[in-house]
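Undergrad: Mind having a look at this structure? Questions to follow.
The values are calculated or read from the model by the stated rules, or taken from the named source; none is laboratory data. Quick caveat, the model's predicted, so the values are computed rather than measured. Here Cβ is always computed from backbone atoms with ideal geometry, including for glycine, and neighbour counts include all displayed protein chains. Just so you know, the surface numbers come from the protein's heavy atoms only, side chains and all, with ligands and any DNA or RNA stripped out. Shrake-Rupley method; radii C 1.70, N 1.55, O 1.52, S 1.80 Å.
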Amino acid sequence: MDIQTCRHSLSHVLAAAVQQLMPGAKLGIGPATDEGFYYDFLLPEGCSFTPETLKQIEKAMRKLLGGGAPFVRKDLPVADARRHFEAQGETFKVELIDDLEKDGSREVGLYELGAFADLCAGPHVASAAELRSVAFALDRVAGAYWRGSEKNPMLQRIYALAFATKEELADYRRRREEAMARDHRRLGVEMELFATSPLVGKGLPLLLPKGATLRRILERFIVDEELARGYQHVYTPDLGRKKMYEISGHWDHYQTHMYPAIAVDGEDYVLRPMTCPHHFMIYAHKPRSYRDLPVRLAELATQYRKEDSGSLTGLIRVMSFHLSDSHILCAPEQLRDEFLAVVDLVGHVMRQLGVRDSIGFRASLRDENSEKYVDNPELWDHAEKTLIEILDQLGVPYETARGEAAFYGPKLDVQMRNVLGKEDTVITIQIDFALPERFELTYVDHRGAEQRPVAIHRASIGCIERTMAFLIEHYAGAFPSWLAPVQARLLTITDDQIPFAREALAAARKCGIRCELDERNEKIGRKMRDARLQRIPYLLVIGAREAEQRCLTVRNRDTGAQQSLPLDAFLSNLCRETAERSLVLSAEAPSAAS
RNA sequence: GCCAACGUAGCUCAGUCGGUAGAGCAGCUCACUCGUAAUGAGCAGGUCGUCGGUUCGAUUCCGACCGUUGGCUCCA
């Protein structure tokens, strides 16, 4: 039997069991998911699902399966079905029936399982007996708004896992365990990359020296890359007058993500949620000629966005972050080439980081029925049409998402999945005809006439914090050497080697290698273990022989290969590997030296 | 923000059906000077997240708050 059908049928069994144990629990909906199923309930006052009740519910479910009652389909006229569910007090089901009727249904499907009946289109297995072989387990409880809207009551959702075989279930659980082991929050603590403090506040992570190193590597990389591509880097303040954000439209359309205004000498200032107005003011500080365009202003900008506290997670969702931001102001006829150049930059960055194959594209358009967007339908149509044309020209596969646009324009989002399968945007490229108009930005064309530039808002390496989180998870902490906060660690066998080891450390640091020395009075096995837990790319063992010959025994983290190399040879190998941003470790190989 | 669970030493966790707590690792000291995933011994470390309430007595029960986690909503 098809596993999705089994999962869905099991959700009915779950609902039946819950109503047995908790009379008065109202039913929401209970679909199958990719790894099992869930069912939503509104519990009677004072009731909640605890680990113990989940156990009882699971037991009751197995009993129902043992009973082997058939799933019986009945098609009822809408009025009869409504009467049935009204009598049961199932107000959510009544609401669903009302909607079905509105959509033109005259009859609705009902599935009975013993005394339990649920509104359902089906299909289902023939009887509960068929589900006995399915490996399932109630997994966790979660809150979920009825029909996904925060205006509706919050229901209790039980998520369950269900697979055709025990082996598949065990395999899924094992994979989830492994995923949790590479969760950036866990590795962030183990590898001393970042920390949080309740006193500093939630969503405000502290980058420890090693996390700061990773951030500095990414920042230096991206700034150099952008400068090479014709960007001009600027610095602008984190604060700006509220009035500026009223003109931009942020105050009207984005205020839920902005912190309250700060009154200073009778003037309101806000912490910026975005950098665009500041950059536009740089553009506007002098008259611009068509000869100046495109103007590509870039900044590693600190931004502040107020978030629902429940959504803050590690480095992925924070309250203050640093975006590799840029605003490109160009003539309309330059838009396509500029956009393509940004996509090229993003592709380059993703390849250099080694994550090109882990990303997906999403065209985020406006939702015409929503009021969160600036009101100018012609501009929107033009901008969205342009975006789609460019994407089709690019020939990359992409999804389309309505209602995901920025308030001022459509965007191309680069999506990345985190280790637990959750998708987030790492990079976004947006087309904006609206804000240049609001700020009355102009340039003079070759005939001397004033024209309106178009803006591209874009990130290149994304928000540094979030990108770091994805990199940590992608590599499970085992970074390529150019990204590793610590590239090599010297390990001495006995105290006798400390002088040479210190010399080697100084030499490594002098040529820019991020190197540490473990000169503790510990056995080499212990030093190895500690270094490997830190996922350091190269372990450099120095014993009596090495000190004597001024060489290192180099161990490659990824291959386990071991080589004795003269100190200078290894340092130059690693310097070159770093400069090349190699994704493969090979600095221990003598052939690499030339 | 909403729903739920959780919060005991730096970390991972045990424990107290109400009489103020223990282990491993990490840290410090000493010994060992050792060749590829944990050397041994000793010492120190906690107003049991915070603040209130109930109680003769609260880490334990209740409430509020803070924080963490999983969802929902929202988003870089």
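Undergrad: Provide the gained length on full extension for the span A:Arg291 to A:Ala263, in nm with one decimal, where the gain is 0.36 nm per separating residue minus the Cα-Cα distance.
TA: 6.0 nm
Undergrad: Let me ask something else. How high is the FRET efficiency between A:Asn152 and A:Asn376 when r is their beta carbon distance and R₀ equals 45 Å, given to the nearest 0.05?
TA: 0.90
Undergrad: Give the residues of the stretch A:70-87 whose amide nitrogen is closer than 16 Å to a point set 7 Å from the Cα of A:Arg106 in the direction of its Cβ.
TA: A:75-81
Undergrad: Still on this structure, please answer the following. Whole angstrom only: what separates the Cα centroid of the stretch A:239-313 from the Cα centroid of the stretch A:525-580?
TA: 48
Undergrad: What do you get for the angle between helix A:498-510 and the principal long axis of chain A? Use alpha-carbon atoms, 0 to 90 degrees, nearest ten.
TA: For helix A:498-510, the angle is close to 80 degrees.
Undergrad: Related question: Students often get this wrong, so check it: of A:Lys93/A:Lys422; A:Lys210/A:Lys242; A:Lys242/A:Lys385; A:Lys151/A:Lys422, which have C-alpha atoms separated by over 27 Å? Could you put the intermediate results ahead of the total?
TA: Values: A:Lys93/A:Lys422 30 Å; A:Lys210/A:Lys242 37 Å; A:Lys242/A:Lys385 32 Å; A:Lys151/A:Lys422 24 Å.
Violating the 27 Å limit, Cα to Cα: A:Lys93/A:Lys422; A:Lys210/A:Lys242; A:Lys242/A:Lys385.
Undergrad: Sort largest first and round to whole Å: the equivalent ellipsoid semi-axes of the stretch A:190-347, each the square root of five times a Cα gyration tensor eigenvalue. Provide the component values of the computation, followed by the final result.
TA: Values: eigenvalues 167, 111, 35 Å².
For the stretch A:190-347, the semi-axes come out at 29, 24, 13 Å.
Undergrad: Whole Å is fine, so just give me how far the alpha carbon centre of the stretch A:415-466 lies from that of the stretch A:214-238.
TA: If you average the Cα positions of each part, the centres end up 16 Å apart.
Undergrad: Then there's this: Using 0.36 nm times the number of residues separating A:Ala228 and A:Gln4, minus their current alpha carbon distance, what extension gain do you get?
TA: Extending this stretch completely gives an extra 75.4 nm.
Undergrad: Just check the stretch A:488-593 against the gyration tensor rule for me: Cα atoms, a ≥ b ≥ c as the square roots of the eigenvalues, rounded for a/c under 1.5, and otherwise prolate or oblate depending on whether a/b exceeds b/c.
TA: Prolate is the answer for the stretch A:488-593, as a/c is 1.5 or above and a/b outweighs b/c.
Undergrad: With the cut-off at 35 Å, report for chain A the share of all Cα pairs above it, as a whole percent.
TA: 55
Undergrad: Under a Cβ-only charge scheme (Lys and Arg +1, Asp and Glu -1), can you give me the dipole magnitude of chain A about the Cα centre, in debye to the nearest 20?
TA: 1820
Undergrad: Suppose all protein chains stay in the model; what accessible area per residue would a 1.4 Å probe give for chain A, in Å²?
TA: 47
Undergrad: Evaluate the charge dipole of the stretch A:488-593 about its Cα centre and quote only its size in Debye, nearest 20, assuming +1 on the Cβ of each Lys and Arg and -1 on the Cβ of each Asp and Glu.
TA: 340
Undergrad: Only Cα pairs under 8 Å and at least 6 apart count here; give the relative contact order of the stretch A:461-594 as a rounded whole percent.
TA: 26
Undergrad: Then there is this: Quote the relative contact order of the stretch A:49-176 in percent (integer), defining contacts as alpha-carbon pairs under 8 Å separated by 6+ residues.
TA: On the way: 162 pairs, mean separation 31.0, N = 128.
After rounding, I find 24 percent.
Undergrad: Would you mind giving the average projected area, over all directions, of the Cα convex hull of the stretch A:3-179 in nm² with one decimal?
TA: Convex hull of Cα atoms, orientation-averaged projection: 10.5 nm².
Undergrad: Another question about this same structure. If you consider only alpha-carbon coordinates, what radius of gyration and Dmax does the stretch A:124-245 have, in Å?
TA: For the stretch A:124-245, the Cα-based Rg and Dmax read 24.1, 69 Å.
Undergrad: Between rounded, prolate and oblate, where does the stretch A:301-459 land on the alpha carbon gyration tensor, with a ≥ b ≥ c its root eigenvalues, rounded for a/c under 1.5, else prolate if a/b exceeds b/c? Before the final figure, lay out each step's value.
TA: Working: a/c = 1.69, a/b = 1.45, b/c = 1.17.
It is prolate, given that a/c is not under 1.5 and a/b is the larger ratio.
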